[in-house]
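Beneath this line is the structure, given in structure tokens, with notes to follow.
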């Protein structure tokens with residue numbers, strides 16, 4: 001996952017993956033057949049980790065042990081997702097690499113399927129109406145972009161946005 005998170009489907013060699021996990025390259029091909037299948041397995045695992053975080057947050061919420069002070073289970077799941085983004089950047093970056101590789105129709109199909117499973121799981125765990133789930137997912141995608149850029153938020157009122165604009169104005 002680490003290698004694909006940083007190099008993507010096309011920029012990561014199977015040799016590099018094999019070296020990272022301490023096996024011979026032919027062994028990787030024996031397990032996965034080709035690099036795309038290995039990438040798809042990593043992608044599936046990253047979305048499974050998100051689903052696991054959602055399930056754990058929902059269970060904690062139901063038991064009164066939710067992350068922070070949450071108004072409802074969706075908020076608890078959002079907090080768990082933010083923790084995942086902060087604690088293991090590879091899950092986040094692998095998602096971005098998958099979206100970037102969606103020119104490949106097989107990758108696109110798997111990315112769509114994984115995304116649909118997470119959306120459905122959020123709705124099942126929360127019982128929230130579709131509109132609320134849509135807002136939850138949109139907010140999560142904004143968190144992904146913010147986390148990828150290593151900023152807290154994307155709002156026009158963010159200090160970093162104002163600083164970037166001020167720096168651009170003074171240098172140009």
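Each residue, residue 117 and residue 34, gets one label point 7 Å from its Cα in the Cβ direction; the gap between the two is 2.2 nm. Across region 1-115, Cα-Cα pairs more than 16 Å apart make up 62 percent of the total.
Taking the Cβ-Cβ separation of residue 21 and residue 100 as r and a Förster radius of 25 Å, what is the calculated FRET efficiency to the nearest 0.05? According to the calculation, E is roughly 0.60. Estimated purely from DSSP H runs of n ≥ 4, each contributing -39500 (n - 2.57), the mean residue ellipticity at 222 nm for the chain is -25500 deg cm²/dmol once divided by its residues. The ranking of 47, 39 from fewest to most other beta carbons within 10 Å of each one's beta carbon is 47, 39. May I ask for the distance between the Cα centers of region 1-40 and region 134-172, given as a whole number of Å? Measuring centre to centre over Cα atoms gives 32 Å.
Bear in mind that the values in this text are calculations on the coordinates, not laboratory data. Keep in mind that what you see is a predicted model, and the values were worked out from it rather than measured. Don't worry about glycine lacking a Cβ; one is built from the backbone with ideal geometry, like all the others, and counts go over all protein chains shown.
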